[in-house]
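Notes follow the structure.
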Amino acid sequence: MSELRTGYEVDQGGVAVLRLQRPDARNAMDTQMLVEILEHLAVARDDDAVRVLVISSSDHMGLSAGADVKEDLDDERKVQRMRLFADVYDGIVGFPKPTIAVCHGDVVGGGAEVAIACDMRVGGSNLRMRFPGAALGVPVGPARLVTLCGLATAKYLLLSSRTVGADEALRLGLVNRVAPAAGTEEAALELAAGVAAHPPEGVARLKQMLHAWDDVEGRSRSEGEGQVEWQRTGPGLPTAD
């Protein structure tokens with residue numbers, strides 16, 4: 001059996017932490033990791049004890065560098081993996097309870113998409129966030145990024161594919177607060193504990209109202225279908241030589 005790519009735990013206050021734990025590969029997301037993430041999302045969604053979900057990693061050097069371009073897949077499995085990416089983004093966007101991303105170190109590509117699919121983000125002082133869609137030709141990002149920081153900023157980030165540090169990310173609204181690199185998860189857990197102390201029914205209702213306002217969930221699903229079709233009929237994600 002393959003070694004687990006993720007970890008999952010719930011504390012007594014109802015804060016669940018889903019950790020990406022593949023630091024030797026900069027937490028690059030392969031098929032196995034994506035499947036594990038979806039399984040954890042399903043468990044957390046159905047667990048009444050869970051009030052807030054935090055997505056983090058096992059070290060503060062990076063949340064995720066994105067897709068694992070070294071994964072050896074045939075064309076059909078590449079399409080299946082892209083479907084898993086879309087399902088993960090949609091699963092986080094549509095998660096009925098508040099979600100917080102721990103954005104320390106590298107938060108790139110698919111890792112950045114996971115982060116902006118969350119409701120809130122705590123940035124580490126070592127943050128390096130990048131949306132490389134334009135550079136790679138990948139049609140992903142607008143559905144969630146426009147909701148988060150507006151059309152003009154989304155264009156700036158997506159079309160330039162530039163790397164954004166902590167201070168700029170805070171100024172652009174990509175993160176809600178910044179913490180020292182090694183303390184990013186601790187700061188996110190503190191935020192999560194405060195949210196978890198509120199009545200869960202009221203919190204869930206507010207999140208539902210906020211999402212209905214601009215249909216971010218519907219736009220995320222539509223974008224996901226487009227990226228899967230692009231993988232099926234277009235050039236697809238680049239692979240390592």
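Can D68 be described as more than 11 Å from the chain's Cα centre (by Cα), under 27 Å from E190 (Cα atoms), buried (at least 24 other Cβ atoms within 10 Å of the Cβ) and at pLDDT 95 or above?
It is false that D68 is more than 11 Å from the chain's Cα centre (by Cα), under 27 Å from E190 (Cα atoms), buried (at least 24 other Cβ atoms within 10 Å of the Cβ) and at pLDDT 95 or above.
Just one of I116, I92, I37 is under 22 Å from G202 (Cα atoms) and of a type in the set (A, V, I, L, M, F, W, C); which is it?
It is I92.
What is the residue count in segment 12-24 for residues that are surrounded by 16 or more Cβ atoms within 10 Å (Cβ to Cβ) and not basic (K, R)?
Of the residues in segment 12-24, 7 are surrounded by 16 or more Cβ atoms within 10 Å (Cβ to Cβ) and not basic (K, R).
Could you tell me which residue of segment 117-145 is nearest to G165 (Cα to Cα), considering only residues that are assigned to a helix (DSSP H, G or I) and aliphatic (A, V, I, L, M)?
Filtering first and then ranking leaves L145.
When both residues are 6+ apart or on different chains and their Cβ atoms are under 7 Å apart, which pairs have a first residue that lies in segment 183-198 and is touching a residue at least 60 places away in the same chain (Cβ under 8 Å) and under 15 Å from A16 (Cβ atoms), and a second that is open to solvent by 40 Å² or more (accessible area, probe 1.4 Å) and among the hydrophobic types (A, V, I, L, M, F, W, C)?
Note: pairs meeting the criteria are L191/M120.
So, G226, is that one open to solvent by less than 40 Å² (accessible area, probe 1.4 Å) and assigned to a helix (DSSP H, G or I) or not?
Yes: the conditions hold for G226.
Cβ contacts < 7 Å: first residue within 14 Å of I116 (Cα to Cα), restricted to segment 214-225; second residue acidic (D, E) and modelled with pLDDT of 95 or more, any location; separation 6+ or different chain. Result?
That search, which allows pairs on different chains as well, returns S220/D90.
The values are calculated or read from the model by the stated rules, or taken from the named source; none is laboratory data. Just so it is clear, the model here is predicted, and its values are computed rather than measured. With ideal geometry, Cβ positions are generated from the backbone for all residues, glycine too; neighbour counts draw on all protein chains shown. Note: areas computed on protein heavy atoms with side chains; ligands, DNA, RNA excluded. Shrake-Rupley method; radii C 1.70, N 1.55, O 1.52, S 1.80 Å.
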